[in-house]
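Taking it in order: structure first as structure tokens, then the write-up.
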Amino acid sequence: MVFNNKLRFSVAVALALTACTGGAAPKSASSDAPGKGKGFDHDPFPSTYHAYPGAPTAIVHATVYDGEGGRIEDGTVLLAGGKVTAVGGPDLAVPAGATVVDGTGKWVTPGVIDVHSHLGDYPSPAVKALSDGNEATAPVTAQVWAEHSVWPQDPGFSRALVNGGVTTLQILPGSANLFGGRSVTLKNVYARTVQGMKFPGAPYGLKMACGENPKRVYGGKNREPSTRMGNVAVDRQTWMKAVEYKRKWDKYEEKGGEAPARDASMDTLMGVLNGEILVHNHCYRADEMAIVLDMAKEFGYKVTAFHHAVEAYKIADLLKATGTCAAVWADWYGFKMESYDGIRENLAILHNAGACVMIHSDDQNGIQRLNQEVAKALAAGRRAGFTISDEQAWTWLAIAPARALGIADRTGSLKPGKMGDVVLWNGNPLSVYTRPEKVWIDGAMLYDANNPKLRPVSDFELGQPGEGDVK
């Protein structure tokens, strides 16, 4: 009788377990887990960039700035297969069959990199129909992507190439919002689509802004934020939501179950918290930058770079300690209250302190003469007593912005194996009289001042007076 009771009990338990599992054996909690970072597609708009065809090339007898602070007199730069293959002095052997370019009296540098541009989002002509850089409808618009506004026909791209030697640039949303949206890094080549310009494998950025712009835009609409404390409050509340969103997705990706509901804005912020997306923060005042650094520490993310940063010289030690870059102008300041305390020596002071620092444009005309902006900042530093060589200053528009964009392993300097993004200048590039003579991107010559057929013209310009004008 006892045996039969035990048997009945065992059968009842088995039936109950079967009912609970729908007739199937219980499965592991992680058997349907997608894995870390695999819960959804993180790159739904992939790059379709393909380098233009090039030819093995040797630039000889030029002064070479390697972009990392090195200088070679009577130097040689070899390009082949889209890459820099060798850099050296006059004894460097030139491969048979290579096209030889005489650089006597000229300079060779890596292609210029602009870490802060709005080309394509605020293109030329500057008309309302093409004004697509600020989604100024809410202070938090992390869900928008700058690339979805980029107009590849913007004539500004070709002007930046032929007048400024710009081969790579980051396109950012504007600064009306606290969280302006994702940025995109582009190769400065003609393409039919923005995907055809996207720098392969470059991480996305998140544009953030502090200070006057967000509080003016939304205070003017009688809504939060209308003060600097409101700016920080909305920032912190948004990051709190992002941390919780990340927790849910981490749990799902590790253990499986029902996937959390997607939120395009939180996707971007989770990307920041995971270290996949780099924060580029518009900020002018030193005190506000220090607050942002504390906020980043609170929520576990890194500020890759402060942009504009006219008071960065006041906190050079903080920037160095946190590994945060400053992207600055040479002498733009005083045009609004938060830019009042800017100084021309800003860049040189940061460089001297060992902080990561670079020049940037934020302007469709300024991008055409970043070499001159570096010259101005260098001159101001020397007048203040800082010893900075020309070749060291060239890092401010070469390897430094490449690091801030997460692409320094592929471009930003003339090192073997890196992309063949190269400019031959017709004189000292720190002179106002100098301009690019030839520009290569991935080893393909895309501009030659001596060849009218190698002057890029966008579809928009075709058939219009002055098409291809490079003055």
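The values are calculated or read from the model by the stated rules, or taken from the named source; none is laboratory data. None of the values given here were measured: they were computed from a predicted structure. We place every Cβ from the backbone using ideal geometry, glycine too, and count neighbours over all the protein chains shown. Surface accessibility is based on the protein's heavy atoms, side chains included, excluding ligands, DNA and RNA. Shrake-Rupley method; radii C 1.70, N 1.55, O 1.52, S 1.80 Å.
Estimated from helices alone, the mean residue ellipticity of the chain at 222 nm is -8500 deg cm²/dmol (sum of -39500 (n - 2.57) over DSSP H runs with n ≥ 4, per residue).
In whole percent, how big is the carbon plus sulfur part of the accessible area of the chain, probe 1.4 Å, protein atoms only? Ligands and nucleic acids excluded, carbon and sulfur reach 55 percent.
In square angstrom, what is the accessible area per residue of the stretch 401-445 with a 1.4 angstrom probe?
Per-residue accessible area for the stretch 401-445 comes out at 30 Å².
The average projected area of the stretch 266-305, computed from the convex hull of its Cα atoms over all directions, is 2.7 nm². In this label model, Lys221 and Lys336 are separated by 1.6 nm, measuring between points 7 Å along each Cα→Cβ vector. Calculated accessible area for the stretch 274-358 comes out at 38 Å² per residue, all protein chains present (probe 1.4 Å; ligands, DNA, RNA ignored).
Projected onto its three principal axes, the C-alpha set of the chain covers 108, 58, 48 Å, listed from the longest axis down.
Evaluate the Kirkwood expression for the hydrodynamic radius of the stretch 30-169, namely the inverse of the mean inverse distance over all pairs of different C-alpha atoms, and round to one decimal in Å.
Computed over Cα pairs of the stretch 30-169, the Kirkwood hydrodynamic radius comes out at 19.1 Å.
The spread of Cα positions in the stretch 54-109, taken along each principal axis and listed from longest to shortest, comes to 28, 21, 17 Å. Using every pair of separate Cα atoms, the Kirkwood estimate puts the hydrodynamic radius of the stretch 264-374 at 14.5 angstrom.
Got a sec? Charge dipole of the chain, +1 on Cβ for Lys and Arg, -1 for Asp and Glu; which of Leu397, Gly75, Pro34 is way out at the positive end? It is Pro34. Taking the DSSP bridge list for the chain and keeping only pairs wholly inside it, about 55 percent are antiparallel. Compared with the dominant Cα axis of the chain, that is its longest principal axis, helix 2-20 is turned about 40°. Protein heavy-atom accessible surface, 1.4 Å probe, per residue over the stretch 88-133: 45 Å². Note on the stretch 349-471: Rg/Rh from C-alpha atoms, Kirkwood Rh, equals 1.00. Between Asp41 and Leu454, the modelled labels are 3.8 nm apart [label points 7 Å from Cα along Cα→Cβ]. Cα-based radius of gyration for the stretch 116-234, normalised by 2.2 N^0.38 Å, reads 1.13.
Going through the cross-link list Lys241/Lys297; Lys187/Lys320; Lys198/Lys336; Lys415/Lys453, which pairs have a Cα-Cα distance over 22 Å in this structure? Distance filter (> 22 Å) returns Lys187/Lys320; Lys198/Lys336; Lys415/Lys453.
Helix 264-273 axis versus longest C-alpha principal axis of the chain: approximately 80°, rounded to the nearest ten. Placing unit charges on the Cβ atoms of the charged side chains and taking the dipole of the chain about its Cα centre, the candidate lying farthest along the positive direction among Phe306, Val166, Ala51 is Phe306.
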